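The values are calculated or read from the model by the stated rules, or taken from the named source; none is laboratory data. Predicted, not measured: the structure shown is a model, and the values here were computed from it. Don't worry about glycine lacking a Cβ; one is built from the backbone with ideal geometry, like all the others, and counts go over all protein chains shown.
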Amino acid sequence: MAALLASAKARAAEFDGSDAEVDEDEMDQDDTTQDRSTIPESLKTSRPDASLKSFSKHFQTVLSTADVLLYVIDARDPVGTRSHAIEQQIRADSLGSKRLILLINKIDLVPSDVLKAWLVHLRRYFPTLPIKASKAATGAKTFEHKDLTTASTAKAVVNALKSYAKLKQLKRAVTVGVVGYPNVGKSSVINAILARGNTASTACPVGAEAGVTTSIREVKLDSKVKLLDSPGIVFPGGKDKDFDAAQLTLLNALPPKQMPDSMIPAVTLLISRLQQKPELFTQMTQVYNLPPLITSATQKDLTMDLLIQVARARGRLGKGGVPNIESAARAVVTDWRDGRITGWVDAPVLSVEGTETASVDNEGKTSDSKEIVNQWAQEFKIDGLWGDDTVDETHVMQE
């Protein structure tokens, strides 16, 4: 095995995939579907539509224009796709006149008990709604949640927005900005909302890769509400929380041209996370019908062992039958993004019974958020919607 590892490491670079036997998963890898920091310098490009500066400018435009911000996060890692810095900016903007709703998207990729725990946790800070904005990718391992369908969750968001518009009694339409990391499903959320609003507006373009939305797009829900779709950006976060290329790759938060040359570090990061839940790591090996791996080896050697086995299982072989490690790594990352590999982050457990709810900003200052949660939830009339006692505890894995 040691000799095979050494051979694969030495020769994998000689093969760029053109000599490999490519299956269907390889053909559609570019078409598939965690607070943190700016894109690393090495990942920036000179393309105007892909630059952090350009995308940040779009976000500032949406922030200054919108009355309500729908912040879309990924149910598999809500913390990783959430920026406290942006939340603080929204709360501080215009003397607190802005409103924020967290939308947990891709809820079918996590069990009901995990979703419930995140709803309980996030509702300590902001009104939070689950939403299933689109169908999962082919072959994804999904969970069925009773009553939390695409139609019902989108309708709940529409009702919340219309309740707020009616409450404000503005002489103009309430402007709702949809923000979030690249590829969390912002455009899909807008399309789901439009469908429940019975609007004839043109749907927003969507895609499984980052960078599909490159400019601000305005669509009307009705005479009372209009929506702004914005390009996704990797928002700035706190100190010591820099996102490296591996984390951004797992998030699918980079356009194809900005992807790092190697996806092996991303696979190493994914393995380290799944190992925290042995049953999830076992499920990943079952996706590829792999033999037992060297789990006692170093993280690096475990990654190489897994990728060699994946290359063999998927026919990702170069000249002389040498496993194409990079091709196998791309397959694993793609399967993770699409939900074929199951995994999630558990919500924090906070002992705050009988105490004030508090949130901490990036400078370490603590601010009471209980009043904000209560006030905003009443404005949107979502208090208790899929709350602590209403999320179905049972879940069924579907393939």
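So here's what we get for this one:
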| read-out | value |
| --- | --- |
| Condition check for Tyr164: over 24 Å from Pro348 (Cα atoms) and either in contact with a Cys (Cβ under 6 Å, 6 or more places away or on another chain) or of a type in the set (Phe, Trp, Tyr) (or both) | yes |
| Among (1) on the phi < 0 side of the Ramachandran plot; (2) modelled with pLDDT of 80 or more; (3) crowded, with 19+ Cβ neighbours inside 10 Å - the single one Asn252 does not satisfy | (1) |
| Exclusive hit being in a loop (DSSP other than H, G, I, E, B) and out of contact with any Gly (no Cβ under 7 Å at 6 or more places or on another chain), set Thr282, Thr295, Thr334 | Thr295 |
| Qualifying residue in segment 369-383 (condition: at pLDDT below 75, hydrophobic (A, V, I, L, M, F, W, C) and more than 27 Å from the chain's Cα centre (by Cα)) | no |
| Matching residues, segment 109-162, being closer than 30 Å to Asp67 by Cβ and small (Gly, Ala, Ser) | Ala133, Ser134, Ala151, Ser152, Ala154, Ala156, Ala160 |
| Among residues of segment 155-190, those that are part of a helix (DSSP H, G or I) and over 18 Å from the mean Cα position of the chain (by Cα), counted | 14 |
| Tally, over segment 83-124, of residues that are more than 19 Å from the chain's Cα centre (by Cα) and under 21 Å from Gly177 (Cα atoms) | 12 |
| Test for Asp261: is it surrounded by fewer than 17 Cβ atoms within 10 Å (Cβ to Cβ), under 30 Å from Ile325 (Cβ atoms) and at pLDDT 75 or above | yes |
